[in-house]
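One structure is given below, encoded as structure tokens.
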Amino acid sequence: DTAVSQTPKYLVTQMGNDKSIKCEQNLGHDTMYWYKQDSKKFLKIMFSYNNKELIINETVPNRFSPKSPDKAHLNLHINSLELGDSAVYFCASSQEPFEKLFFGSGTQLSVL
Amino acid sequence: SQQGEEDPQALSIQEGENATMNCSYKTSINNLQWYRQNSGRGLVHLILIRSNEREKHSGRLRVTLDTSKKSSSLLITASRAADTASYFCALNAGNNRKLIWGLGTSLAVNP
């Protein structure tokens, strides 16, 4: 059973489109995250939710909006996609905030 | 910058050899974590070492932490081709509201 699953694995889209990435964890964890990994492999936190409440909202464009319908899900919606949004986006979860994170397999977003 | 800095950036060894990666940092930490990322995959947590601990083991992995020098090392003994991956240190600092990532060490284990 996959612990943290995110879909889709690959997302190729045109500039200006709106897209969503879904994430689900079956570990019963209280905290979930979205990270962006750039081409140099640097991981940047975007958002963190604890029990469905937003606890971290780093400086990301407001075109990015997270939604947590319940503790097990944290989806990422991106409006008006730009070329610079191309990256790998990772969902993760943990029981304690920022300790022993479990990562999904990533979504490779390519904006053309 | 507060981020952890891994050293070396890249390491290439033969199967059976030991691999040592280092992480230096500048801030005070609550704990330090090591993760592995295989190509095209998500990160996998390896070991968490708290600021009051000096050494931890997990299988072929040994992590040390020297808070006076603000550095940690990850040793992989008897390496295997399957250990080929990028290894990241992540610092849990401040009031637990952040995880500060390094840029990783790319390890290649040649059969």
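Summed over the residues of the protein assembly as shown and divided among them, the accessible surface reaches 48 Å² per residue at a probe radius of 1.4 Å. Pairwise inverse Cα distances across the protein assembly as shown, averaged and inverted, put the Kirkwood hydrodynamic radius at 18.0 Å. Heavy-atom surface analysis with a 1.4 Å probe gives the protein assembly as shown a carbon and sulfur content of 46 percent of its accessible area.
Cross-link partners for B:Lys56 among the lysines, with Cα-Cα distance under 16 Å and sequence neighbours closer than 8 places in the same chain left out: A:Lys100.
The mean of 1/r over all distinct Cα pairs in chain A, once inverted, gives the Kirkwood hydrodynamic radius of 13.8 Å.
Dividing the convex hull volume of the alpha-carbon atoms in the range B:70-111 by its residue count gives 82 Å³ per residue.
Equivalent ellipsoid of chain B: semi-axes from √(5λ) of the C-alpha gyration tensor, largest first, are 23, 14, 12 Å.
Taking the alpha-carbon centroid of each part, what is the distance from the range A:28-49 to the range B:1-60 in angstrom? Here the answer is 18 Å between Cα centres.
The values are calculated or read from the model by the stated rules, or taken from the named source; none is laboratory data. Keep in mind that what you see is a predicted model, and the values were worked out from it rather than measured. Note: areas computed on protein heavy atoms with side chains; ligands, DNA, RNA excluded. Shrake-Rupley method; radii C 1.70, N 1.55, O 1.52, S 1.80 Å.
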